[in-house]
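Engineer: One structure, pasted below without further comment.
The values are calculated or read from the model by the stated rules, or taken from the named source; none is laboratory data. What you see is a predicted model, and the numbers here were worked out from it, not measured in a lab. Here the Cβ is made from the backbone with ideal geometry for all residues, glycine too, and neighbour counts use every protein chain on show.
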Amino acid sequence: MAELKGRASSTRRYPCERCPLRPLPVFREFTGEELDFISRFKTGELAVDRGAAVLVEGSHSAHLYTVLAGWGFRYKLLSDGRRQILNYVMPGDLIGLQGSVMGEMQHSVEALSPMLLCVFEREKLHDLYRNYPSLAYDITWLASREERMLDENLLSVGRRTAIERCAYLIAFIGTRAKVVGLNGRKRVQIPITQSHVADTLGLSLVHTNKTIRKLADRGLIAWRDGGCEIIDMDGLCALAGWDGPDEGPRPLL
């Protein structure tokens, strides 16, 4: 896996006031004062190539990032190289907060596709907590949301059957992607491989392949060269026994 190279650009392609994500209904509106602080908090933008390591477990990062465009995933490795994917990151997600609190990263983040990141200086996080309690609450909300998603994923891995797990995972990722505008077409396409699915669900690659074929045979998904295309979202949710996310407008830093 390639290491992340490059620096935050001093030229902002997307000033916070004209952020392409803010008009989306999934994100809450900011006050002028909050937006002014976020504009000063942001130091620039960073383009990341597909397959690059955005953050590495055990490292100390001087920055936090908000995903402006693209896909990524969070994961941990065992000493023999076996990988557990913990969650997927998409536009609007804040990454690197764990390193700010724990001192070093407890997981890694890799780019699934080319990504564009908004870069924030970690040292200024104290100013946010000290002077902007509403934004501090937003960060707490985002951390709680991540915990909730991990709870759902653990329930799925622990108690759902293989086909239910796979249906849930694809519906979960697809639902999140749709609300942040990652796919403008009627059908959502997720740029993951079957290895990503296996490493998320704790299944062998052979078992994963058989399970994915069962979903395809039911007309719920189609597996393309570029990843998984969702054909029947309602059918996936019904098979997984999942009602979908239930949350109002969320923060965007």
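Engineer: Any residue that is modelled with pLDDT of 90 or more, over 21 Å from the mean Cα position of the chain (by Cα), in a helix (DSSP H, G or I) and closer than 26 Å to C228 by Cβ - is there at least one of those in the range 140-151?
Structural biologist: Taking every residue of the range 140-151 in turn, none turns out to be modelled with pLDDT of 90 or more, over 21 Å from the mean Cα position of the chain (by Cα), in a helix (DSSP H, G or I) and closer than 26 Å to C228 by Cβ.
Engineer: Being in contact (Cβ under 8 Å) with a residue 40 or more places away in the chain, out of contact with any Phe, Trp or Tyr (no Cβ under 9 Å at 6 or more places or on another chain) and not in a strand (DSSP E or B): is that true of S113 here?
Structural biologist: no
Engineer: Could you identify the single residue in P191, P249 that is out of contact with any Cys (no Cβ under 7 Å at 6 or more places or on another chain) and not assigned by TED's automatic domain parsing to the domain that holds I173?
Structural biologist: Sole residue among the options that is out of contact with any Cys (no Cβ under 7 Å at 6 or more places or on another chain) and not assigned by TED's automatic domain parsing to the domain that holds I173: P249.
Engineer: I'd like the full set of residues that are at pLDDT 95 or above, closer than 25 Å to M149 by Cβ and assigned to a loop (DSSP other than H, G, I, E, B), limited to the range 205-230.
Structural biologist: The one that is at pLDDT 95 or above, closer than 25 Å to M149 by Cβ and assigned to a loop (DSSP other than H, G, I, E, B): L220.
Engineer: Select from the range 164-203 the residues that are at pLDDT below 95 and among the small types (G, A, S) and write down the one among them that is surrounded by the most Cβ atoms within 10 Å (Cβ to Cβ).
Structural biologist: Step by step, filter the range 164-203, then rank; the result is G174.
Engineer: Got a sec? Which of L253, L154 is of a type outside the set (S, T, N, Q) and surrounded by 19 or more Cβ atoms within 10 Å (Cβ to Cβ)?
Structural biologist: After ruling out the rest, the residue left standing is L253.
Engineer: Has the range 28-47 got at least one residue that is touching a residue at least 60 places away in the same chain (Cβ under 8 Å), in contact with a Gly (Cβ under 9 Å, 6 or more places away or on another chain) and farther than 30 Å from L78 by Cα?
Structural biologist: yes
Engineer: Going by the conditions given, is R50 basic (K, R), at pLDDT 90 or above and out of contact with any strand residue (DSSP E or B) (no Cβ under 7 Å at 6 or more places or on another chain)?
Structural biologist: no
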